[in-house]
1. Enter the angle in degrees (range 0 to 90, nearest 10) between the Cα long axis of helix 950-968 and the first principal axis of the Cα atoms of the chain, meaning the one along which they spread out most.
2. I need V621, V716 ordered by Cβ neighbour count within 10 Å, fewest first.
3. Assign unit charges at the C-beta atoms only (+1 for Lys and Arg, -1 for Asp and Glu), then state the dipole size of the chain relative to its Cα centre in Debye, rounded to the nearest 20.
4. Shape verdict for region 143-226, please, from the Cα gyration tensor: rounded (a/c under 1.5), prolate (a/b greater than b/c) or oblate.
5. Which Cα, out of T719, T150, A1153, lies furthest along the positive dipole direction of the chain (beta carbon charges, K/R +1, D/E -1)?
6. For the chain, take the longest principal axis of its alpha carbons; what is the angle in degrees between that and the long axis of helix 745-755, to the nearest 10 within 0 to 90?
7. Run the reach check for K324 against lysines, Cα to Cα strictly under 27 Å, same-chain hits fewer than 8 apart removed. What comes back?
8. Between I713 and residues 5 or more places away or on another chain, which pairs have amide H atoms under 5 Å apart, with H built 1.01 Å from N, and which residues are they?
Amino acid sequence: MPLSSLVRLLQTSALSGELCDRLDRSDRLLLRGAGRAARALVASAMARHQDRPLLVVVPTLEEAGRWTALLDLMGWRSAQLYPTSEGSPYEPFDPTSEITWGQLQVLSELQVEGQSNDLAIVATERCLQPHLPPPQVLADRCRTLRKGDTLDLEVLALSLSQLGYERVSTIDQEGTWSRRGDIVDVFPVSSELPVRLEFFGDELDKLREFDPASQRSLDPIDSLRLTPTGFSPLIAEALRESMPDGLDQLLNEQALNELLDGGTPEGMRRLLGLAWQEPASLLDYLPAACCVAIDERRHGRSHGDQWFDHAEEHHGDLGLPLPKLHRPIDEAMALADAFRGFDLAELQEKDDHPNAFDLNSRPVSAYPNQFGKLGELIKGYQKEKQAVWLLSAQPSRAVALLEEHDCVSRFVPNAADAAAIERLVEQSTPVALKTRGTADLEGLQLPAWRVVLITDREFFGQQTLTSTGYVRRRRKAASRTVDPNKMRPGDFVVHRNHGIGRFQKLEKLAISGEVRDYLVVQYADGILRVAADQLGSLGRYRANSDAPPQLSKMGGSAWVKAKERASKALRKVALDLVKLYAERHQAPGFAFPVDGPWQTELEESFPYEPTPDQLKATAEVKRDMEKSQPMDRLVCGDVGFGKTEVAIRAIFKAITAGRQVAMLAPTTVLAQQHWRTLSERFAPYPIKVALLNRFRTAGERKSILEGLKKGTIDAVVGTHQLLSKSTAFDKLGLLVVDEEQRFGVNQKEKIKALRKDVDVLTLSATPIPRTLYMSLSGVREMSLITTPPPLRRPIKTHLAALDEEAIRSAIRQELDRGGQVFYVVPRVEGIEDVAGQLRQMLPGLKLLVAHGQMAEGELESAMVAFNGGEADVMLCTTIVESGLDIPRVNTILIEDAHRFGLAQLYQLRGRVGRSGIQAHAWLFYPGNASLSEAARQRLRAIQEFAQLGSGYQLAMRDMEIRGVGNLLGVEQSGQMEAIGFDLYMEMLQESLAEIQGQDIPSVDDTQVDLQVTAFIPADWITDADEKMAAYRAAAECLSSDELVELAALWADRYGALPGPVQSLLQLMNLKLLAKRCGFSRIRPEKPNIVLETPMEEPAFRLLRQGLPQHLHGRLVYQAGPGAAAKVLARGLGVLPMEKQLDELKGWLEQMAAQIPDADGLTAEQREQQQKDRNEAVLSV
């Protein structure tokens, strides 16, 4: 809240007091003659002076987004955008849940006593129209839970159901709840985070917010307010009570029956006027003391008149007995005028307004990167006794640059440090504050208050990343990774030793006194039971082919031969990879210096909070660049997960080291987007970024090529033209390649040639499986970005029969919130007919058509025009599947969805939902056509896909397999089909380890046959899918630390760990350590314990060096037939089981510490190295 201190200065001024007195004495005040930022400052100061909440009514949703971002900087406890649907209130569809939940978030804050005074709300004039149930109706249905309350859990479950919350196994989105014993998770639609309720008997003992992505608890809270999940259930309930006349005309038979049976049919919001005689507007929920400001009343009235005419026409066309939910805009504004408040206007028009005050705000002259001139300007303001405020994403840099020109200012790191700021203001010293975010700021003067604000626009010519439209506030990303290995009964699975089988069920068995869960797997010649703690040896069968695989025979030779063939093919792939790695490490390269102050400044100017994966990827890229060998790193992450920011930081590092950078993009549109982003981020620095594409004139192209050759251009962004012979660089240091797999063979060869000499950073959105990532570490440098940005929302997928009304409503809803739409058809034939139908459906629609049969130039021009916002809808074929990143496009409609493959649908769907706004994907199929059986099967698969079920996972897996082909440069032949994708990856990892000559042998999975009761009780995790996921999570832990983290997560989600679960984790830790030391099996052989291993005796002696001398005699190596050998742990088998586990764990930990890591260092050596580094840092 960097501007809170400036607002405080304004609100305590004598002028603000005088203006508030004028408000008390007369009608509405008009404050005019100021830009948006100045109006927001004055409005905040006026409301805060009177200690009142503030509602600002603006003309459009886009303007509301800008206002909310500004008010967020001004010290309000909460600045909220109140979203409204701009469509007709008589649409047969209810507003989206995103809009409803956003409304409930604001209304809930207004209804909590003592919270509303420090609240600022921004809304369009639609908030003045009736669209809500009466306040008391909503208040009566809300429920507050407090720590210490006594609650019956069954009664709570019934309450949640009545409020509209859906019970699920795992919470990952608003409006859902789950229960595990005495723990209840609920995600209120009016909250930014879900809440975990922990009961002790019937007493509510603890309330904690938690992260929906990791499921880990965050901060404790004292109370929780639960609102209904929407208004439609309230309307339905009121209608059932009153049963007004005409309901049978408004609802079809199915909807009426659903209503009478206690359900909530679609389209309830248009029946609001039947449920209550006087539906409410937002004004009815405001406290009487609220300050209501109307911004640009004339524009708001014009917008409101258009909406009223549209609603009036729609109401008349329906000819149904519906009470009106629209009132003339003047009547609506008169209700707003009843509150004490003022009008705001940008222009200082001379009219007869009886109570106007001219703000006379003026912009500040912009002198980008001309700090001498800027310094003189600031000194001039100081002479005039004006308080100067500097607001920058890089305040330290701005202060230092001004100081070089004898203009002294001071950076205050803590914007809440009122005393320090007041002292500087009294001394007439400019105050520099840091800003981060997307507020649309520009410099301004408020002469009446003697205040000047200077921003990055004046310092560096930097335009702000403006937030437009409605984005629901969330503190954590709610999207969770779908487990591609999730096994359900009936799925095909692969066992390392026995081959392909079919998973049937999970069952609990007691064998020799030990109780464990077992997975039952059907093979061609019988049943195999696999202990759940051995889940690592079993994986889901995945391959490119859709055809079901043949079940293996458990004792057959066919499986052994298939593995041998795959192993032979994989050895060649592994050899090629290792050879490539060795060649690159011998090649000389440029070692970039460590980060300087500019690098830190640039990274701090990023307007969003970087995700942990982004930070990790950036650190890995920098570490590679600082080595003397050329970098060749792949950064892989889903669309919109922040790969570009990693590239920006690497590019900046290269340029500040005096090297040039080339960024290669597969399409003109992508190149243009990258160029714009780089130019924006580098604006504060003396860096020249050029764009080379087919839209450049011959003269411009020649000038750019000369600049690259002479070194006057620091970075160039372009398409494959950058690879032409005419392109020469002075000092090329870094090549960034976006989506390399989309370039042609010749272009790839040219990129390959460049790789030998310069650092190369490749960005890819094709997912890479974790198994491959692990197996290639040390061979091909890779970074994975799997964390979604906090504002990223899962895309809401709708499946529906093709219907004009549904299409019209979906497009109109998106356009009403200021967005754009993709409309995708499966073929070029008939595309113009579809265009005609859309124009007829929505008169005045701005439509562009794009498809693969258009000339290249024509297609690119269409893409660029749409990217620039020149059209509302792009009607296209699957060409939109790749590359376009247009944050304003948040709805995609796919006609004849059954004609597309699942992977295609996944990629098409990924084109929307980039900006944090709730995105929608509509999958339409022909409602009345006769479909073939194959088409029906595809539709069933799409239905799963729409529910983020197995279809989504199939698409994900298909893309992973494709990603392997791109990465390894090999055609995935029958080898992968024969043994399954995951085993193929594991065997590649083993081949690499073998070729790189590791002394300790690699074992598939360690089998522990000690008599331990280790399982997950059914009364602790009740959901079968969740229990399987828990076993899988334990099997996938790669270290003891990860197991400790998992134990903490389980305790947090499910309560205290029962004894069998603690034993399970002990067992898994033992397996990890034993596998790392090369032991394939641990079994009792009284009085001893046997550790089976394929390792040679010299390797074991190396391991044993980690143990104290007195233990050497207790661990005895015995060679066996073939590759079999064993280590006897003498006398260990007679100890109690708990003691056996502890002793084994301690011995294995000490032995594992002797194994060198990828850099050839043991744990002790690595620890010493870190200690030396720390001492070196401290000495500096």
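1. Relative to the chain, helix 950-968 is tipped by roughly 70 degrees.
2. On the way: V621 23, V716 26.
Exposure proxy ranking, most exposed first: V621, V716.
3. The dipole of the chain has a size of about 3720 debye.
4. rounded
5. My answer, from the dipole projection, is A1153.
6. It works out to around 80 degrees.
7. Hits, sequence-local ones excluded: zero.
8. L708
Rule-based calculations on the coordinates, nothing more; no lab input. The structure presented is a predicted model; accordingly, all values stated were derived computationally and were not measured. Using ideal geometry, Cβ is built from the backbone for each residue, glycine included, and neighbour counts are taken over all protein chains shown.
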